[in-house]
């Protein structure tokens with residue numbers, strides 16, 4: 001595996017070579033089965049004796065509460081929103097991911113900078129600006145992108161919460177006044193952006209239209225390449 | 001005409017204050033949270049006002065962030081890119097005072113300095129006043145450098161206020177066509 005590095009200037013004072021753990025990212029829209037897969041991976045890796053830490057979007061100590069209020073009120077403009085999410089990410093990167101990697105943990109990230117970048121770009125942000133902004137981020141050891149047809153996503157979202165979410169449907173973009181149509185259009189746009197990022201960020205695309213078990217099998221096979229095929233610790 | 005000051009958005013302010021109070025901020029998050037606050041004011045106030053044809057007076061602008069964040073160790077290109085969504089000012093006045101005078105004015109009038117204000121996060125010294133002096137010296141260097149790079153209009157802030165005001169008025173009148181910004185009386189067509 002190539003040496004650990006940041007996408008850009010990184011975090012002042014952090015030497016990537018000190019980060020001996022592994023960073024594994026699972027990307028995918030809501031309803032793609034991300035959390036289920038991450039829970040299963042956590043059990044599997046812990047049973048093998050690995051220490052696991054998790055991160056996700058909007059989970060920082062610093063700004064998660066304020067981001068929640070901002071979403072509820074639709075009161076922040078696009079650049080402000082981009083930077084607010086970047087602050088949330090940076091806080092978790094410095095206070096959660098980096099310390100865990102230093103201690104040799106495997107960090108499972110429930111989404112990473114790619115979702116944030118795609119959301120910003122779809123709202124008109126300059127891709128070069130966004131890319132530079134996330135130059136603080138560490139290059140993960142593996143990125144898995146769960147790809148699910150928007151029509152299947154809708155069904156899974158309805159199964160889970162019986163309704164579509166304003167933001168997850170991209171209603172703020174004004175693509176369509178019909179929420180269902182807007183959801184499909186919004187997800188298609190995001191998917192196109194993800195397809196565009198695939199090569200550049202070395203995504204392993206996983207067909208998420210299959211059963212949870214089939215997806216898990218593929219993820220484990222690929223993750224073994226990163227963490228090794230060590231035997232579970234003796235009990 | 002409209003006036004805006006550093007650090008004013010409610011929601012973002014809440015997060016910034018929390019971060020400062022609980023000492024949660026690193027150079028990167030310090031930089032990002034202040035840029036979020038700036039973006040909020042920029043998108044809600046400054047930009048719409050400029051579009052509407054107002055003259056906007058800003059009590060500090062992104063240069064404050066450049067000086068502070070770069071001193072704290074953020075990469076200059078990264079910080080510059082962060083703020084690249086904001087327009088470059090038509091005129092930037094820099095009130096230049098010798099470092100000793102500035103320190104005397106602030107330290108003389110204040111009982112206690114705040115943690116981040118004193119640059120205590122940089123571990124330059126173990127007491128606030130000494131740390132503040134060292135931190136301000138580094139920031140001052142950044143301003144000196146920027147003053148050339150960005151062509152600041154340098155004001156001698158040791159001069160009497162009236163003299164400074166006269167000079168500013170003259171410079172603004174020379175560079176900006178002020179009559180064009182005159183408020184039109186209500187009800188009358190231009």
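Roughly how many whole Å is it from the C-alpha centroid of the stretch A:121-167 to that of the stretch A:43-65? For the stretch A:121-167 versus the stretch A:43-65, the Cα centre distance is 19 Å. The Rg/Rh ratio for the stretch B:1-89 is 0.98, where Rg is the radius of gyration of the alpha carbons and Rh is the Kirkwood radius. For chain B, the normalised intensity computed at q = 0.09, 0.15, 0.18 Å⁻¹ comes to -0.40, -1.07, -1.44 (log10 of I(q)/I(0), Debye sum over alpha carbons, equal scatterers, no solvent). Extension gain for residue B:153-residue B:115 works out to 10.6 nm (0.36 nm per residue, less the C-alpha to C-alpha distance). In chain B, Cα pairs under 8 Å separated by at least six residues give a relative contact order of 21 percent. Axis angle, to the nearest 10 degrees, between helix A:179-197 and the longest C-alpha principal axis of chain A: 40 degrees. For helix B:161-175, report the angle its Cα long axis makes with the longest principal axis of the Cα atoms of chain B; keep it between 0 and 90° and round to the nearest 10°. It works out to around 50 degrees.
Taking other C-beta atoms within 10 Å as the exposure proxy, B:174, B:130 rank B:174, B:130 from fewest upward. Shown here are the Rg and Dmax of the Cα trace of the stretch A:76-180, at 16.1, 49 Å. Give me the mean projected area, in nm² to one decimal, of the convex hull enclosing the Cα positions of chain A. If I average the Cα hull's projected area over directions, I get 13.3 nm².
Which whole-number percent is the relative contact order of the stretch B:1-89 (Cα, under 8 Å, 6+ apart)? With pairs under 8 Å counted, the relative contact order is 40 percent.
Over all distinct Cα-Cα pairs of the protein assembly as shown, the Kirkwood formula returns a hydrodynamic radius of 24.3 Å.
Among A:206, B:154, the ranking by other beta carbons within 10 Å of each residue's beta carbon, starting with the fewest, stands as B:154, A:206. Would you look at the GNM of chain A, springs on alpha carbons closer than 10 Å, and say which of A:55, A:171, A:117 moves the most? Most flexible of the set in this elastic network: A:171. By the gyration tensor of its Cα atoms, with a ≥ b ≥ c the square roots of the eigenvalues, what is the shape of the stretch B:90-179: rounded for a/c under 1.5, prolate for a/b over b/c, or oblate? It is prolate, given that a/c is not under 1.5 and a/b is the larger ratio. Rounded to the nearest 500, the helix-only mean residue ellipticity at 222 nm of the protein assembly as shown stands at -15000 deg cm²/dmol, with each DSSP H run of n ≥ 4 adding -39,500 (n - 2.57).
With only Cα atoms counted, the stretch B:37-83 has Rg and Dmax values of 12.5, 37 Å. GNM on chain A, alpha-carbon springs under 10 angstrom: the most fluctuating residue among A:20, A:147, A:213 is A:213. How far is helix A:78-92 tilted off the main Cα axis of chain A, in degrees rounded to 10, range 0 to 90? Its long axis makes an angle of about 20 degrees.
Read-outs: derived from the displayed coordinates by stated rules, not from any lab. Remember, predicted model here, so these are calculated numbers, not experimental data. Note that we place each Cβ from the backbone using ideal geometry, even for glycine, and neighbour counts take in every protein chain shown.
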